[in-house]
Amino acid sequence: MNDEEIITLYWKRDEKAIAVTAERYGSYCHSISYNILHNTEDAQECVNDTWLGAWKSMPPHRPGRLSAYLGRITRNLSLNRFKHYTAEKRGLGQTSLVLSELEECIPAENSVEQYIEEMDLARSINRFLYAQPRQKRNIFIRRYWYLCPIRDIAASSGMSESKITSLLFRMRNELKAHLEKEEIHI
């Protein structure tokens, strides 16, 4: 069953949509959640909550890309759960580490006006990423969207951990310069 057919099941309020979604995207969503929480049970709860979130949001939303839509729901639920727990207790420090690496590139939230600026920020980051070679872009996204550990990225890309660390450091500096050039002040 393709994504459009699955989305149609949600729109028809057919409970089969959840089973098909779980079968097709369960592992994908679990890996996103597990990379954030580092706890199998918590990750599974977030994945189950993802199916409920998809059920509640479709309709009225009709996602263009179901995997990205489900991934975003899973990520947000997992980050919310992470905030509930301390990094020492559940996250093994990985999530805090990843988010702290981006601190110098992303402006801090401090006002209602930030919402408007976030839209510009997202577009600017997307422009930056799509200007990068595919491998660099994928490494950056795996680290900062999926919160994958550097060792896993290194293993799957065939690069050393130190090379991945250096590449990410350079990309963060390039992103910072790109944002400054586009007058997004940090």
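The values are calculated or read from the model by the stated rules, or taken from the named source; none is laboratory data. What you see is a predicted model; the values in this text were computed from it and never measured. Virtual Cβ from ideal backbone geometry, glycine too; neighbours counted across all protein chains shown. Ligands, DNA and RNA are excluded from the accessible area calculation, which covers all protein heavy atoms including side chains. Shrake-Rupley method; radii C 1.70, N 1.55, O 1.52, S 1.80 Å.
Any chance you could count how many residues in the stretch 123-146 are outside any helix (DSSP H, G or I) and either among the charged types (D, E, K, R) or open to solvent by 30 Å² or more (accessible area, probe 1.4 Å) (or both)?
Counting residues in the stretch 123-146 that are outside any helix (DSSP H, G or I) and either among the charged types (D, E, K, R) or open to solvent by 30 Å² or more (accessible area, probe 1.4 Å) (or both) gives 4.
When you go through (1) loosely packed, with under 15 Cβ neighbours inside 10 Å; (2) polar (S, T, N, Q); (3) modelled with pLDDT of 95 or more one by one for Thr40, which number turns out not to apply?
(3)
When only residues in the stretch 164-186 that are hydrophobic (A, V, I, L, M, F, W, C) and assigned to a loop (DSSP other than H, G, I, E, B) count, which is nearest to Arg123 (Cα to Cα)? Let's see the steps before the verdict.
Initial filter on the stretch 164-186 (hydrophobic (A, V, I, L, M, F, W, C)): 164, 167-169, 171, 175, 177, 179, 184, 186.
From the residues that got through so far, the ones that are assigned to a loop (DSSP other than H, G, I, E, B) too are 184, 186.
Working: Ile184: 11, Ile186: 16 Å.
Among residues in the stretch 164-186 that are hydrophobic (A, V, I, L, M, F, W, C) and assigned to a loop (DSSP other than H, G, I, E, B), the one nearest to Arg123 (Cα to Cα) is Ile184.
Could you pull out the residue among Glu117, Glu161, Glu109 that is charged (D, E, K, R), at pLDDT below 80 and closer than 25 Å to Asn35 by Cα?
Glu109
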